[in-house]
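Just below is one structure, and these are the notes that go with it.
The numbers here are math on the coordinates, done by the rules we state, and not lab data. Since this is a predicted model, take the numbers as computed values, not measurements. Cβ sites come from the backbone with ideal geometry, for glycine too, and all protein chains shown count toward neighbours.
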Amino acid sequence: MVNYTAKYTKISYGYMGQLVEWPEVVTEGKDLEDCRAMLRDALNEMVLAYQQLGKEIPLGNALIEQLPIEVQSVSQAS
């Protein structure tokens, strides 16, 4: 079992979902639940395609963390 990290972005007509470790796996859905299901389906299809082509499947299990920073300090650093 491999875990992949999904990133969801709110867009004007729903959500876009993409895998952090495998950016080619990307999709959209009308809401978060729909996007999650579509992303899982896209991942399954990509795994099958890579297996058929004999390509190496990217490893999952990325560690994601947020790094807080004050925006003012970023603009003053230049």
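Work out the length of the dipole vector of region 14-64 about its Cα centre, built from +1 on the beta-carbon of each Lys and Arg and -1 on the beta-carbon of each Asp and Glu, and round it to the nearest 20 debye.
My answer is approximately 80 debye.
Could you derive backbone 3J(HN,Hα) for region 23-31 from the dihedral phi with the Karplus parameters 6.51, -1.76 and 1.60 (θ = phi - 60°), listing whole Hz in sequence and x where the residue is Gly or Pro?
Here the 3J(HN,Hα) series is x, 5, 8, 9, 7, 9, x, 6, 8 Hz.
Which order do peptides 28-39, 6-17, 48-59 fall in by mean Cβ count within 10 Å, highest first?
28-39, 6-17, 48-59
Go ahead and run the numbers for FRET between residue 50 and residue 28, Cβ-Cβ distance against an R0 of 25 Å, rounding to 0.05.
E between residue 50 and residue 28, to the nearest 0.05, is 0.70.
Where does helix 32-53 land angle-wise versus the long Cα axis of the chain, in degrees 0 to 90, nearest 10?
50
List the residues, sorted by chain then number, that are 5 or more residues from residue 4 or on another chain and whose placed amide H is less than 5 Å from its amide H.
61
Along the Cα-to-C-beta direction of residue 65, a point sits 7 Å from the Cα; which residues of region 20-34 have their amide N less than 20 Å from that point?
20-21
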